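The values are calculated or read from the model by the stated rules, or taken from the named source; none is laboratory data. From a predicted model like this one, the values you see are computed outputs, not experimental measurements. Neighbour counts are summed over all protein chains in view; Cβ atoms, including those assigned to glycine, are modelled from backbone coordinates with ideal geometry. We work out accessible area using only protein heavy atoms, side chains counted, and drop any ligands, DNA or RNA first. Shrake-Rupley method; radii C 1.70, N 1.55, O 1.52, S 1.80 Å.
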Amino acid sequence: MKAATKIALIAGIATGYVLGTRAGRERYEQISERADALWNSKAVVKQRDNVAGLVDTYVPSFVTSTLKGVGQIGAGLGNLVFGDGTRAKGTRNSR
């Protein structure tokens, strides 16, 4: 390939890149503005508040009950392995 052809090719690629990134940035800004407008619309804000209220109401009790369940499982496993020194029937080294 001749030097002039290489320079023309590089210039064409660079021009395409610059124009493409400008167009891409403009499109990104357009999408971003629309997303912000939607996120802050009255209907979406109302539903976000509703969900936040539900989370505040139900998540603490869910976490508490889940931790109790995990604690019971842990206690059961602890007793199985370390409790009175016996293991469940059918496990290795059962007595």
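Across the range 25-41, which residue is modelled with the highest pLDDT among those that are among the aliphatic types (A, V, I, L, M) and open to solvent by 70 Å² or more (accessible area, probe 1.4 Å)?
The extreme case among them is L38.
Filter the range 10-24 down to the residues that are modelled with pLDDT of 85 or more and either touching a helix residue (DSSP H, G or I) at 6+ places or on another chain (Cβ under 6 Å) or open to solvent by 100 Å² or more (accessible area, probe 1.4 Å) (or both) and list them by number.
I10, I13, Y17
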